[in-house]
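Have a look at the structure below, then the notes.
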There are 2 protein chains.
Amino acid sequence: MSERGDRVERRGRRRPPAAAAAEPVVERSRGYRHLTNPFAPLKVFSDDEVASIHAAALTILETQGMRVLLPEARRRYAAGGASVDEPSQMVRIDRGLVAQALATTPREFTLHARDPAWHLPIGGRNVVFAPTSGPPNIMDIKRGRRAGTFADFENLLRLSQSFDVLHSLGGCVEPQDVPIHVRHLETTRAMLLLTDKVPLVYARGAGQIADNFELIRIAYGLSEDEFRARAYVSCVINTNSPLQLDIPMADGIINFAAAGQPSIITPFTLAGAMAPVTVAGALTLAHAEALAGVVLAQIVRPGAPIIYGSFTSNVDMKSGSPAFGTPEYVKSSFGAGQLARHIGLPWRSSNATASNTPDAQAAYESQMSLWGALMGGCNFVLHAAGWLESGLSTSYEKFMLDIEMLQMFAEIFQPVGATTADLALDAVAEVGPSGHFFGCAHTMERYRTAFYAPLVSDWRNYGQWTEAGGLTATERAHQLWQEALAGYTAPARDPAVVEALDAFVARRKAEGGAPPVS
Amino acid sequence: MSERGDRVERRGRRRPPAAAAAEPVVERSRGYRHLTNPFAPLKVFSDDEVASIHAAALTILETQGMRVLLPEARRRYAAGGASVDEPSQMVRIDRGLVAQALATTPREFTLHARDPAWHLPIGGRNVVFAPTSGPPNIMDIKRGRRAGTFADFENLLRLSQSFDVLHSLGGCVEPQDVPIHVRHLETTRAMLLLTDKVPLVYARGAGQIADNFELIRIAYGLSEDEFRARAYVSCVINTNSPLQLDIPMADGIINFAAAGQPSIITPFTLAGAMAPVTVAGALTLAHAEALAGVVLAQIVRPGAPIIYGSFTSNVDMKSGSPAFGTPEYVKSSFGAGQLARHIGLPWRSSNATASNTPDAQAAYESQMSLWGALMGGCNFVLHAAGWLESGLSTSYEKFMLDIEMLQMFAEIFQPVGATTADLALDAVAEVGPSGHFFGCAHTMERYRTAFYAPLVSDWRNYGQWTEAGGLTATERAHQLWQEALAGYTAPARDPAVVEALDAFVARRKAEGGAPPVS
C-alpha cells in the first residue's frame, strides 16, 4: 500500500454515487452568510507581555503624543481632556482618558443592511469578509495591468454580490475614469444598486462623507435620526505612522463617530520603515495610534462603534520594498488580535500579498495572511478578495482564488459531528475489510452534502486534466470570473428609490460634487 | 493615507540601511535544524468526543477486527493475546491488549543520525519535516512529467541536503530505471552518501529491510546490538483501509519493531471511498487500524518506537477523485492530532495537494495541509516538500515552493521578543511623528537579522519585477532548484566506509538482491 491518489481509482470496484447514477451535482450550500470562528485564538505573547505593550503604548501617548493636522480635531481632543500644543500640533493623551474612551466603546455591534439577512454582527466570535479596497490598478491575465475604471468597479461589485462568503463591500478598485470630486457619488450609488451588502466608503472629507450618508438614507428610506441610531456603513482610517493623524483621517473619525457609524482605525505600520524593526515595537506603535483614534471618536460621541484595525508587516531590509503574508506578518496578526481582545474591541486584519501576479506566491502569502488573521481571532478581514501587488492592483483572477480560500475557511469553521451516527460503526461493519464505502447506506444518506465542492480547484486526474487543456488554477479563475459576471443578477430595487438616488447624484454633480480633502 | 505598498517608496526620505550602504545581504540564519512548536494545538472535538472516538475504535477492534494477510503476523497477534480466526484471517484485539501496548510505546524518542547535530527528537513539541516519498513520476516545468529516474532521486537527495528545514529524508521519487529487486540498495546507499540526514526507507519485505539496516550499520560503524539499541531509520506503514493489513506492511511492522526502529503507522483513509463519508467516521476507522499496528509492534518488542500516522482526506463525490488540502482534510488533521495526544504517541501528518501542476492551487492546498498539521500539533510532516498530483508526481518546482513555505513556518515558530528594547519606545521617541525608522539606532542594530529573507518570493515593485522578466513564483522556483543543485556539496565520507558500502551493494546485487514482497 502507498499514499497515492490512484488507490481509489485502482481499486475501482464501485463508483461514487453521483458518478454511478449520473447525478449532476453535489448540493452542499455555499450560503456562508454568518460565520463564527470556533477555534481558540493563537497567541505570541503572554498576558503579561500584552499588558506591557498596552502600557508602553499609553506611555507613548502620554509623553510623546500624536501630531494631529486638523485644527478641529485638536480642538475636540482639548475639549475632551487631552493636552494640546498648538505650535507643534502635538496631542498628548493620558491613560485615564484612554481608559474612559475604551469604557464607552462597544465590544460588539451590528452593521445593518437593507435586508436583515445581510446584517453583520461585528465582534465576539463573528467573522466578516470584505473585498479589497483601494488599489488604483486592475489586472486580468488577458489584458494585463491598467488603470482601474468604473466598469471594473461595477464588475467587482457584481462579483462581490455573487458570493455569499463576502459580507461587507470594499472599495474594490479606484475608477480613475470618474473625476475624483464626483467619484464617491457614483461608487456609493453603484454599491447600493448592484449589491445587497453593507457599504464601505472612504473618508475623503466631510463633504463626501455627508453625500455618502445621504445616499444610504435615500436607498434605505431612513430619516436622519434613524440613520444615526444604528451602524450602516464603515470606513477605514489609516494613521500616518509614526504618530501622525492627517486631515482627511481625523475628519473621517469625527464625522463617522458623530453619525454613529464605525471607523476601522488601522495604523499601517511596516516594521523597519514607518515603525520599529521589531514586531513588538511595531505593534506598540500601532496600538498607541489606534488608541488615539479611539479616544477622538469617543470624545465626539461616547459609544460610537469602532473596529480596531491592525496592518503590521515588514519591509525587505535590502530594498525597502514592503512585504505581506510574511512570518512576521503572521506573528504580528496573532499579537494584534491579543491587543484587540485586551482592550475589548472588534478586530480587523487583511488578506495581503506582495506578489505582482496571481501565482503560487500570491496564494501562499494570502494563505499566510488569512491563517494569521483567522487563527488570531479576527472579526473583519478587509482585502479578503482581489488584493495583489502590495495593494497597488486588484486582480480578477486573484479575486476568484481568494473566494475559493475564503469558502474553505468558512467550511473549516463548520463543526465536525461526533454523534454515534457520525462515528459510523454500522457502516464499517457493513463494508468490512478492504471493501468500499461508495455504495453503503451511510454514504448514500450523506454524500450530496458531505464535502465542500470547490470553485477553482481541479481534482481530476492528470490525464483528464491534460485532455481538458491542462489549465492552471489562475487560468481557470480567469474563466470563472467571467462566468460569474455572466450569471450575475442585479437585486430588485424600487424604481422610486433608484430615481431618488439618481436625482441626488445629478444635483450634487451639478453643485460641483465634493473634492477630496487632503 | 491608504494601505498600499507604495507608501514606503513614496515617502522615501531615507533608504533602508542595506540599500544605502550597498551592503550585499541580510544575515538571518536559515539553520532551522531543531524546530519546536510554541502554539497550543487547535481542536475540533471536545475531550469527551475524543474519548468516544477512541472507545469506538476499540469496539471495532474487539468486535470486527482486522484482516491480517501475513501468517507470521497472525501468529504473533495470537501469541500476544489477540483472538485469531485463521479461515477468515481476522484478528480481534480486546481493549486490554490495546491499553497494554500503549503503555509500552514511548511518548517521545530520538532518531539518530551519523552527526549528532542531525539527531531528531520525535514527539512532544518537536517538529520534523521530511520530503515527499513514493511518487512514481517526476515533473519539472521545462521537461514535463515523466517516469522517475535514479538521477532524479539523487537530485532530490541533494536538494534535501541543501536545506536545513528538511530534517528526515523521504523516498523522493521512484527511480524506475533501477530494477526493483536492487532499488533499495541503490537508494539507501545514496541517502547515506549524499546527505547527513536520517533515512526513511520502504517496507517491501524482510530481505530489503535487512539490507537497509545493514547499509546503515556499515555507514555509521555500528554493531548489530548498537543499531538495535537506538532508532536510526523509519518506514511508513499503510494499512489497506478498511480493516486490512497486507503482507509487506505486517512484515514491516514486525521487522522494524524487532530492530527497535520506528514504523510510521498511517492508515490512508479517504472519506467516502475506503472510509466512512464523515470526518469522525473516517478518523475512527483510521484510529482503529493504527492501534492494531501499534499492538503488533509492541507484541514483537515492547517499547518499540512508533509514530502515529494520519492521512485522512476526502474524495470528490461526483467523480471519486481524491482531494487533499480540503477543509475536511484540515479538520481531520486537527482531530487526528487530538487522537494522537489522547494515546500519547508522536503524530505524523502530510503536506498534500491534488493539483496537477505547481500553481496557485498547489500552493493553497499545501498551505491548508501544513496549517492543519502544524496548528494541530504535528511532530513529523512527511511529503513536506515536492508532493504533487495526489502523490503521483514529485515536482522540482513544488519542492522549492514547499521549502519556502516550510521556512516560513520555521520562522513563525520563533518567539516574538517583548523586552523593553523590543518595544522600542526610545526609537519611537528618536524618530518622531511621520519620520522614518530606516536609519535609527534601534534599526541599525537589528536590521540584518530582523526578518526572514525569502527564497522564492519576489518583493520587487511591479516595474522592477517586469524589467527582470516578470517571472511567476513557479518559474523562479525552476531557476532556484537548478541553482541549489549547482551549489550542492557532498558531505565528506571516509573512503573505507564508501568502499564497504559499495562492496555490500555489489555482493547483494550478485546474490540477486531482494525482490519486494507483496
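The values are calculated or read from the model by the stated rules, or taken from the named source; none is laboratory data. Keep in mind that what you see is a predicted model, and the values were worked out from it rather than measured. Here the Cβ positions follow ideal geometry from the backbone for every residue, glycine too, while neighbour counts run over all protein chains shown. Calculation scope for accessible area: heavy atoms of the full protein, side chains included, ligands and nucleic acids excluded. Shrake-Rupley method; radii C 1.70, N 1.55, O 1.52, S 1.80 Å.
Some observations on this one:
- Any chance A:ALA418 is in contact with a His (Cβ under 7 Å, 6 or more places away or on another chain) and either facing another protein chain (nearest Cβ under 7 Å) or not acidic (Asp, Glu) (or both): no
- A:VAL201 falls short on exactly one of the conditions (1) crowded, with 23+ Cβ neighbours inside 10 Å; (2) in contact (Cβ under 8 Å) with a residue 40 or more places away in the chain, and that condition is (2).
- Looking only at segment B:170-179, and only at residues there that are open to solvent by less than 30 Å² (accessible area, probe 1.4 Å) and touching a residue at least 60 places away in the same chain (Cβ under 8 Å), the one that is farthest from B:SER349 (Cα to Cα): B:VAL173
- Lone qualifier among B:LEU501, B:LEU471, B:LEU485 - being in a loop (DSSP other than H, G, I, E, B), of a type in the set (A, V, I, L, M) and surrounded by 15 or more Cβ atoms within 10 Å (Cβ to Cβ): B:LEU471
- All of (1) closer than 30 Å to A:VAL277 by Cβ; (2) more than 9 Å from every other protein chain (Cβ to nearest Cβ) hold for B:TRP347 with one exception: (1).
- Evaluation of A:SER349 against (1) over 15 Å from the mean Cα position of the chain (by Cα); (2) crowded, with 24+ Cβ neighbours inside 10 Å (one fails), failing number: (1)
- Only one entry of B:VAL456, B:VAL428 meets the criterion of being open to solvent by less than 20 Å² (accessible area, probe 1.4 Å), within 7 Å of another protein chain (Cβ to nearest Cβ) and under 29 Å from the mean Cα position of the chain (by Cα), and that entry is B:VAL456.
- Strands (runs of 3 or more DSSP E) within segment A:93-169 that include 1 or more residues farther than 26 Å from A:TYR308 by Cα, open to solvent by 10 Å² or more (accessible area, probe 1.4 Å) and among the aromatic types (Phe, Trp, Tyr): none
- For segment B:435-452, a tally of residues being open to solvent by less than 20 Å² (accessible area, probe 1.4 Å) and out of contact with any helix residue (DSSP H, G or I) (no Cβ under 8 Å at 6 or more places or on another chain) returns 1.
- On the stretch given as segment A:308-324, residues that are within 10 Å of another protein chain (Cβ to nearest Cβ), part of a loop (DSSP other than H, G, I, E, B) and modelled with pLDDT of 95 or more total 1.
- Restricted to segment A:431-451, and to residues there that are touching a residue at least 24 places away in the same chain (Cβ under 8 Å) and more than 8 Å from every other protein chain (Cβ to nearest Cβ), the residue that is nearest to the chain's Cα centre (by Cα) is A:THR449.
- First in segment B:61-78 and at pLDDT below 95, second anywhere and open to solvent by less than 20 Å² (accessible area, probe 1.4 Å), Cβ under 8 Å, 6 or more apart: none
- Positions within segment A:373-394 being more than 13 Å from the chain's Cα centre (by Cα) and either under 19 Å from B:ASN351 (Cβ atoms) or more than 7 Å from chain B (Cβ to nearest Cβ) (or both), in sequence order: A:MET375, A:GLY376, A:GLY377, A:LEU388, A:SER393, A:THR394
- Selection count, segment B:459-481, where residues are within 16 Å of B:LYS398 (Cβ to Cβ) and at the interface with chain A (Cβ under 7 Å from one of its Cβ atoms): 3
- Going through (1) open to solvent by 10 Å² or more (accessible area, probe 1.4 Å); (2) in contact (Cβ under 8 Å) with a residue 60 or more places away in the chain; (3) among the aliphatic types (A, V, I, L, M) one by one, A:LEU406 falls short only on (1).
- Hits in segment B:206-238 - residues which are in a loop (DSSP other than H, G, I, E, B), within 23 Å of the chain's Cα centre (by Cα) and over 24 Å from B:ALA151 (Cα atoms): B:ARG230, B:TYR232, B:ASN238
- Checking each residue in segment A:170-205 for being hydroxyl-bearing (Ser, Thr, Tyr) and either under 23 Å from A:ASP251 (Cα atoms) or assigned to a helix (DSSP H, G or I) (or both) picks out A:THR187, A:THR188, A:TYR202.
- Any hit, segment A:325-332, residues being more than 8 Å from every other protein chain (Cβ to nearest Cβ), surrounded by 24 or more Cβ atoms within 10 Å (Cβ to Cβ) and among the charged types (D, E, K, R): no
- Residue that is nearest to B:GLN361 (Cα to Cα), among those in segment A:452-484 that are in contact (Cβ under 8 Å) with a residue 40 or more places away in the chain and among the aliphatic types (A, V, I, L, M): A:ALA473
- Residues of segment A:207-229 satisfying the condition of being more than 28 Å from A:THR489 (Cβ to Cβ), open to solvent by 40 Å² or more (accessible area, probe 1.4 Å) and in contact (Cβ under 8 Å) with a residue 24 or more places away in the chain: A:ALA210, A:ARG228, A:ALA229
- Selection from segment A:240-265 of residues that are more than 7 Å from chain B (Cβ to nearest Cβ) and outside any helix (DSSP H, G or I): A:SER241, A:LEU245, A:ALA259, A:GLY260, A:GLN261, A:PRO262, A:SER263, A:ILE264, A:ILE265
- Under the condition of being away from chain B (no Cβ under 14 Å), within 30 Å of A:ALA117 (Cβ to Cβ) and open to solvent by less than 70 Å² (accessible area, probe 1.4 Å), the residues counted in segment A:31-89 number 1.
- Residue-level analysis places B:GLY335 among those that are at the interface with chain A (Cβ under 7 Å from one of its Cβ atoms), open to solvent by less than 10 Å² (accessible area, probe 1.4 Å), touching a helix residue (DSSP H, G or I) at 6+ places or on another chain (Cβ under 8 Å) and part of a helix (DSSP H, G or I).
- Residues (modelled with pLDDT under 85, in contact with a Phe, Trp or Tyr (Cβ under 9 Å, 6 or more places away or on another chain) and β-branched (Val, Ile, Thr)) located in segment B:9-38: B:VAL26
- Any hit, segment B:239-248, residues being touching a strand residue (DSSP E or B) at 6+ places or on another chain (Cβ under 9 Å), on the phi > 0 side of the Ramachandran plot, crowded, with 20+ Cβ neighbours inside 10 Å and modelled with pLDDT of 95 or more: yes
- Residue match in segment B:296-307 (condition: closer than 30 Å to A:ARG30 by Cα and either open to solvent by less than 10 Å² (accessible area, probe 1.4 Å) or part of a strand (DSSP E or B) (or both)): no
- Among the residues of segment A:351-371, those that are facing another protein chain (nearest Cβ under 7 Å) and within 18 Å of A:VAL44 (Cβ to Cβ) comprise A:MET368, A:TRP371.
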